[in-house]
Amino acid sequence: MEVATVRKSWGTSLVSVLLLLLLAGGAFAQEDAGGGFLYGDVTIVPLTGNIFRCSGNITSTTGEYYQHACFNLHLFDVNGKTVDTFMFCLDRFEGNSTRSFQIDFTNVLKNYSYKIEFLTAN
């Protein structure tokens, strides 16, 4: 009886570890924004009517310090055509660090995709 309990616990632990690794892999999945930046953990939620909030993280993969780093949030329709672009900037971006961002925007599309692109820095 003790051997069966040990095997069951070991099997449960293995499944738990695999599930944790899958979840962690999804949490660390990031896409290239260009210019040495990655973006991830992006969520877009409706606030009221046609106003939405986009939030997420941007990671600098360079050791450079930026006083301002600006990005474009591009929205695409279901055919891949750009329907709108919104700019946002992050102040004092340390090299090799991650910063959170949030931008509110107006959108009339129900189905869309997005991409964040590094625009400029100084």
Subject >> Listed residues CYS89, CYS70 arranged by accessible area, highest first, probe 1.4 Å >> reply: CYS89, CYS70
**OP:** Order the following by accessible area, largest value first: VAL42, VAL83, VAL108. Probe radius 1.4 Å; ligands, DNA and RNA are ignored.
**Re:** VAL108, VAL83, VAL42
**OP:** Amide H neighbours of GLU64 under 5 Å, at least 5 residues apart or on other chains, H built in the peptide plane: list them.
**Re:** ASN96
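In what order, largest first, do SER55, SER60, SER113 sit by accessible area if the probe radius is 1.4 Å?
On the way: SER55 35, SER60 5, SER113 55 Å².
Per-residue accessible area, sorted high to low, gives SER113, SER55, SER60.
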Subject >> Long-range tail of P(r) for the range 24-122 (Cα pairs > 15 Å, %) >> reply: 61 percent
**OP:** List the residues whose amide H sits under 5 Å from the amide H of TYR114, counting only those 5 or more places along or on another chain, with H placed 1.01 Å from N in the peptide plane.
**Re:** PHE76
**OP:** Might you work out the accessible area of ILE51 for me, using a 1.4 Å probe with all protein chains in place, and round it to the nearest 10 Å²?
**Re:** 70 Å²
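The values are calculated or read from the model by the stated rules, or taken from the named source; none is laboratory data. Since the model is a prediction, treat every value here as computed from it, not as a measurement. Ligands, DNA and RNA are excluded from the accessible area calculation, which covers all protein heavy atoms including side chains. Shrake-Rupley method; radii C 1.70, N 1.55, O 1.52, S 1.80 Å.
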